[in-house]
1. What is the local net charge at GLY372, summed over the other residues whose Cβ is closer than 13 Å to its Cβ (Lys, Arg +1; Asp, Glu -1)?
2. Where Lys and Arg each count +1 and Asp and Glu each count -1, what net charge lies around ASP346 among other residues with Cβ under 15 Å from its Cβ?
3. Would you please state which residues of the range 264-302 a label at ASN340 would reach in this model, taking the label point 7 Å out along Cα→Cβ and a backbone N cut-off of under 17 Å?
4. Report, to one decimal in Å, the Kirkwood hydrodynamic radius for the range 308-371 based on all distinct Cα pairs.
5. Going highest first, how would you order 44-55, 93-104, 339-350 by mean Cβ packing within 10 Å?
6. State the dimensionless ratio Rg/Rh of the range 171-282 (Rg: radius of gyration of Cα atoms; Rh: Kirkwood radius).
7. With a 10 Å Cβ neighbour count serving as the proxy for reagent exposure, in which order, fewest first, do VAL249, VAL181 appear?
8. Can you tell me the order of 371-382, 224-235, 327-338 when each peptide is scored by its average per-residue count of other Cβ atoms within 10 angstrom, highest first?
Amino acid sequence: MISVEQALDRILGYIRVLDSDEVPILDCLGQVLAEEVSATFNIPPRDNSAMDGYAVRSQDTQGASRQSPRRLRVLGTAAAGAVSDYALLPGTAVRIMTGAFLPQGADSVVRFEDTDEASREGMAEIGIQREVAEGWDIRRAGEDIARGARVLGRGTVISPAEIGVLASLGRTTVRVIRRPVVAILTTGDELVDAGEPLPEGKIYNSNGYSLAALVRFYGGIPKMLGIARDSETSVVAGLRGGLDADMLVTSGGVSRGDYDVVKDVLAKQGEISFWTVCMKPGKPLAFGVIKGDRDIPHLGLPGNPVSVMVTFEMFVRPAILKMLGKQPLNKPTIDAIIENTVANTDGRRVYARVIVSKRQGQYFARLTGPQGSGILTSVSRANG
Ligand code: AMP
Ligand code: MG
């Protein structure tokens, strides 16, 4: 029996960070940047107004108050997106909208609320009702991103904010570490896919779907190879469809059942080792490398639907994250007080499905119900 950590170490020893790809910026959410992104222009491009108001020379507002407003002549309106050629002389102001470039000679903005604009709309004069200092309510050229600055470094995980930053730089595509294609083959004579009638004695294939969803959830591209029967020819034929993938995951057929052919097949197709991992659920695990034009790591997960999801989280998830160039590989953990009795009969590490809640600054974990390795709803009800 090997520990979860030993199993993971051995698996990760075969996993490499993938190469990169240039993709549309909206397609790279959660991927890792494989280039340095720097700015060829300032953002914002020029000094502009942070408020709707009046662009002024701050010295013209000296001593202004509600009781004694300073009257300034209005030269016109500067709108965002339009380039105007207003130039402020002493005693003048330009009505300005948020984002509009600051007119020549202006050094500050007085927002509408601090003027008598409401009572004098369209007037040729405006009453300024407060003093402002130089730079007031102005956004400086390059204050977000300065021309020439390195904006996003290699290794950055692309979140919605990074996608916005890339768009603000005018980028439509970006180079990121590509997503791994993970081929998924489920095995079992008892399996039928959803959408088909369910004959007596058969069950619907859930593992293929939970696995595909997990692959997508962690940033990979699932390639569903369907259901293989418990025969060598069927498993071999099924595996063939995964030879262009970056990783292959199978479910079922790795335990000591009568029809467990996956391990026999894999022993012929490449290197394979069978591990008994000190964990519950999910004890039997197969790991190997399928030899072909290029070697493909293969993880043979147990068949039980809960074991499949737990072993995926512990072993396939870190492999996907490593291929994606991500860190850290471990799942986040917290300390919580368990509120049920959890039986650990044989010393294996138990991965119980729990509902975690926080009360008075302390986490508590409650079992989701019966924890049998076939009870998939024990996972769907859990948040930890
Ligand atoms: P195995 O490891 O192949 O012996 O499977 C263990 C248990 O998991 C059996 O009860 C199977 O019926 C069940 N099982 C195996 N594969 C699937 C699957 N793809 N979807 C749902 N249940 C499965
Ligand atoms: Mg089976």
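Where a number appears in this text, it was derived from the coordinates with a stated rule and is not lab data. Predicted, not measured: the structure shown is a model, and the values here were computed from it. All Cβ positions, even for glycine, are placed from backbone atoms using ideal geometry, and neighbour counts span all protein chains on display.
1. +2
2. +4
3. The answer is 280-282.
4. Taking the inverse mean of 1/r over all distinct Cα pairs, the range 308-371 comes out at 13.9 Å.
5. The densest-packed peptide leads the list: 93-104, 44-55, 339-350.
6. 1.02
7. Arranged by neighbour count, lowest to highest, VAL249, VAL181 become VAL181, VAL249.
8. So the peptides 371-382, 224-235, 327-338, ranked by packing, come out 224-235, 371-382, 327-338.
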